[in-house]
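K.L.:
Just dropping this structure here.
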Amino acid sequence: MQRSGESSKILLIEDEAAIRQVLRFFLKHNGYEVLDVPDGSEAIRAIPNFKPDLIILDLVMRPVSGWEVLQWLRNNRLTPQIPVLVVSALTRLKAQVQGFEEGAIEYITKPTQPSLIVERVRTILALNQQQRTMLQHTRMDEQRKTFERVYAPQPEEFFS
């Protein structure tokens, strides 16, 4: 939840400079304090000092990927205290389910409107810890059910 009298701190982890620039502009314009970094290794170094209220995370980066950042956060018991909003070009349902399982509270696929990301940030930051956990589990269950429906064996009649 947002600290009283202060703007919330957002750590933006995105390897594409143009995307970082646009998201940083939209987030700052909406009153957030933003630190943006181009890869997971810089993010891991920044988290202890910056102490973000929320992380926006791309998954496909080098040399340290977003998956590795999620694992580092989990290993250091920083999720779910620091909610993670994944914004990734990985559109496969399996990747989305894995993102939730690894600790993301929300998963948005690229390309998307920056205003949608700001709206999701605002919503997530307004939730308490219990509500965030419920949201994460709800999203994970939705993606799992969709995955199961899409990849379920089809009746013979569809192949006749």
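The values are calculated or read from the model by the stated rules, or taken from the named source; none is laboratory data. Keep in mind it's a predicted model, so treat the numbers as computed, not measured. Counting neighbours? That spans all protein chains shown, and the Cβs are built from the backbone with ideal geometry, glycine included.
K.L.:
Please determine whether any residue of the stretch 82-100 is closer than 19 Å to Arg144 by Cβ, in contact with a helix residue (DSSP H, G or I) (Cβ under 7 Å, 6 or more places away or on another chain) and in a loop (DSSP other than H, G, I, E, B).
P.N.:
Taking every residue of the stretch 82-100 in turn, none turns out to be closer than 19 Å to Arg144 by Cβ, in contact with a helix residue (DSSP H, G or I) (Cβ under 7 Å, 6 or more places away or on another chain) and in a loop (DSSP other than H, G, I, E, B).
K.L.:
Another question, then. Among the residues of the stretch 64-76, how many are over 14 Å from the mean Cα position of the chain (by Cα) and more than 19 Å from Leu35 (Cα to Cα)?
P.N.:
Count: 2.
K.L.:
Part of a helix (DSSP H, G or I), modelled with pLDDT under 90 and under 19 Å from Asp53 (Cβ atoms): does that describe Gln143?
P.N.:
Here the answer is no, as Gln143 does not meet what is asked.
K.L.:
Counting only residues that are farther than 19 Å from Gln81 by Cβ and of a type outside the set (Ser, Thr, Tyr), which one in the stretch 41-60 is surrounded by the most Cβ atoms within 10 Å (Cβ to Cβ)?
P.N.:
It comes out as Asp58.
K.L.:
Quick one: is Gln71 out of contact with any helix residue (DSSP H, G or I) (no Cβ under 7 Å at 6 or more places or on another chain), free of Cβ contacts under 8 Å to residues at least 24 places away in the same chain and either among the basic types (Lys, Arg) or more than 19 Å from Gln129 (Cα to Cα) (or both)?
P.N.:
No.
K.L.:
I've got another one for you. Across the stretch 116-146, what is the number of residues that are under 23 Å from Ala95 (Cβ atoms) and not acidic (Asp, Glu)?
P.N.:
The number of residues fulfilling the criteria is 19.
K.L.:
I would also like to ask the following. Can you confirm whether the stretch 105-112 contains a residue that is part of a helix (DSSP H, G or I) and without any contact (Cβ under 8 Å) to a residue 24 or more places away in the chain?
P.N.:
no
K.L.:
Quick check on the stretch 67-85. Is at least one of its residues closer than 19 Å to Phe26 by Cα and among the β-branched types (Val, Ile, Thr)?
P.N.:
For the stretch 67-85, residues closer than 19 Å to Phe26 by Cα and among the β-branched types (Val, Ile, Thr): present.
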